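The structure under discussion appears below in the form of structure tokens.
The values are calculated or read from the model by the stated rules, or taken from the named source; none is laboratory data. Being a predicted model, the structure only gives us computed values, none of them experimental. Don't worry about glycine lacking a Cβ; one is built from the backbone with ideal geometry, like all the others, and counts go over all protein chains shown. Only protein heavy atoms, including side chains, enter the accessible area calculation; ligands, DNA and RNA are left aside. Shrake-Rupley method; radii C 1.70, N 1.55, O 1.52, S 1.80 Å.
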Amino acid sequence: MTVYSVIGAGVAGLAVATELTERGATVEIYDPAGPPGPHGCSWWAGGMLAPWCEYENAEEPVLRLGQEAIVWWAAHTEVTRAGTLVVASKRDLPDMRRFARRTEGFVEVDRARVAALEPDLHGFGQGLFFEEEAHLDPRKALQDLYRGLKDKGVTIHKRIAPSGLQNAIDCRGLSAREYLYDLRGVKGEMLVIRCPDVEITRPVRLLHPRMPLYIVPRGEGIYMLGATMIESEDSSRITARSMLELLSAAYALNPAFGEAEVLEIGVDLRPAFPDNLPRIRRLGRTIYANGLYRHGYLLAPALARGVADLALHNTHSEMVDEDRA
Amino acid sequence: MSKEFYGVTLPNPLMLGTAQYPSPAILEEAFRASGASVATVSLRREGAGGTGQTFWKMIEDLGVHVLPNTAGCHTVKEAVTTAHMAREVFDTKWIKLELIGHTDSLQPDVFQLVEAARILSEDGFEVFPYTTEDLIVGERLLEAGCEVLMPWGAPIGSGRGLNNIYALRAMRAEFPDVPLVVDAGIGLPSHAAAAMELGFDAVLLNTAVARAGDPVQMARAMMAAVEAGQAAHEADPIEARDMAEASTPVIGKAFLS
């Protein structure tokens, strides 16, 4: 009997394991860190399922494949379909016009509609509303996948994968870079804050010339603030500059965020290929699935499908860029 | 005749920044498609501490001249430290010296700029100062050891083009032998061409290409524009005049009269 050994229990590994299991394959998982936790970069994600917003600065597959993600995740964890609201400070309104030009799937909203959608947003006269977008809580999503796999009898080994596995699927993100010559790390920094005084019900993006700043509600007054994108492979610390920019964004949305408690600071490296799109590569007995970049939750379902197609049916999805089995 | 930048003759007058592209793959294609001869790279923005290894390696692999910058620095000390880091990482004496003096306009602080330029020049750096179009500041920068001046066209990232053509023209006239680069504010190829028509020696831009819907296409357009502007300048354009001047003789306005 064929056993597929998934290495890495981040969003890529768990999505791949789930997809394989649901297609009837026998799967085991290796991760020396055990269950999902702060050691993996998908723990720190925003969890936005926002293919239309992301398309503003990404290639076409992100828009197309990302749309499949909402359905996939809804079948495995709690997904909130409340859309995304994009706003800009007055001085950055040209950026909003550009944003609107570069993507689709939104309606323009005026001051009254912004206020109706998010009464606690402060002083934004216009915005873009992406009604079809959704978000999830990444930590809950990882735990739900993990639990689902356990319930289906998938063995999860809390140790390094042995060498010589017959059907390995390496989903280790940046840890696999010695086998993936063109993989790089892109630093991301985020904060988790608590501010019960402000009630925002859906992801809100504040346009910024250098990074997509957003706030994602996690419920009970808790918000995730993200995220920087820095071409650096040092994940040791957040910089003061980044922290200032993240907190200023929250403050700009509503000055009451000035009273927020900072609960967590997250810093990690997103694994990315040169075009920032994920890849599936088969080298010998190992399939590498990697490079989800800032689209871990958005593209993990498509990545998982691609891996399952290759492993089970030898079908090459568009993400497969090399096959030297 | 193209001037030398610290002894280097550039094959063409387009310098491109490397920030804000949708992906490194698109950045690379923009360089290859346009043939831009210089790549500026920000150390401070892209990870202090010499840690952007993969990204920086990719920039080096473009095979163009690398011009590290001190973007985001607000003090002499910060800029000098960043310049030293850049020299180590990229093994080059070139440094684009940027000292921001105003948060909203990102206007250079020319006082600190001159001071930092002197320190770095004395330390063997080849400084490309990002400055305003002020002639006296330009003079002081040359005295401090700079052999290139880079006045702004308009505030960084604003895409407004050449805000003060009169002053840029005066600068060209004042420093006929100094390589001059319009740095910042370019939004359209016509802006870049206009700078070259004024007799500038190169144009440095980033946002206009990186944030265009199709950065590769825009990079090509910018190269075409700077080459057109340069050729036009060398061709000695005609003077503008108030009245029409027919290019062929007109009956009634006889040459006999």
Let me know the volume per residue of the alpha-carbon convex hull for region B:171-238, in Å³.
-> 77 Å³
Checking region A:80-189 for chymotrypsin sites (Phe, Trp or Tyr not before Pro) in a loop per DSSP with at most 16 other beta-carbon atoms within 10 Å yields A:Y179, A:Y181
Scaled radius of gyration (Cα, divided by 2.2 N^0.38 Å) that chain B gives = 1.08
Express the carbon and sulfur contribution to the solvent-accessible surface of region B:9-235 as a percent, rounded to the nearest whole number, probe 1.4 angstrom.
-> 50 percent
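For the protein assembly as shown, what is the convex hull volume of the alpha-carbon atoms per residue, in Å³?
Looking at the protein assembly as shown, the number lands at 186 Å³ per residue.
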Which entries of B:K3/B:K57; A:K90/B:K77; B:K57/B:K96; A:K90/B:K96; B:K3/B:K96; B:K3/B:K77 show an alpha-carbon separation above 25 angstrom in the structure shown?
-> B:K3/B:K57; A:K90/B:K77; A:K90/B:K96; B:K3/B:K77
Residues with amide H under 5 Å of B:T40's amide H, sequence separation 5 or more or different chain, H placed in the peptide plane at 1.01 Å from N; which?
-> B:L16, B:G17, B:T18, B:L67
Starting from the Cα gyration tensor of region A:88-230, multiply each eigenvalue by 5, take the square root, and state the resulting semi-axes largest first in whole Å.
-> 38, 21, 14
Report which residues of region A:213-237 become buried by 50 Å² or more of accessible surface when going from the isolated chain to the complete set of protein chains (1.4 Å probe; DNA, RNA and ligands ignored).
-> A:E231, A:E233
Buried accessible area between A and B, both sides, 1.4 Å probe, in Å² rounded to 100, is 1800 Å²
For B:T103, what accessible area in Å² do you get when you roll a 1.4 Å probe over the heavy atoms of the protein chains, rounding to the nearest 10?
-> 110 Å²
Net charge of neighbours whose Cβ lies under 11 Å from the Cβ of A:A289, counting Lys and Arg as +1 and Asp and Glu as -1 | +3
Select from A:L20, A:N167, A:P38 the residue farthest towards the positive end of the dipole of chain A; place +1 on Cβ of Lys and Arg, -1 on Cβ of Asp and Glu, and compute about the Cα centre.
-> A:N167
Tell me, what is the per residue accessible area of region A:80-129 in Å², probe radius 1.4 Å?
-> 54 Å²
Row for region A:48-89, column shape: gyration tensor on C-alpha, a ≥ b ≥ c, rounded if a/c < 1.5 i.e. under 1.5, prolate if a/b over b/c, else oblate; value oblate
Per the Cauchy relation, a quarter of the hull surface: what is the mean projected area of the convex hull of the alpha carbons in chain A, in nm²?
-> 15.6 nm²
Alpha-carbon centroids, region B:1-28 and region A:4-73: separation in whole Å = 38 Å
Give me the distance between the Cα centres of region B:179-216 and region A:85-101, rounded to whole Å.
-> 24 Å
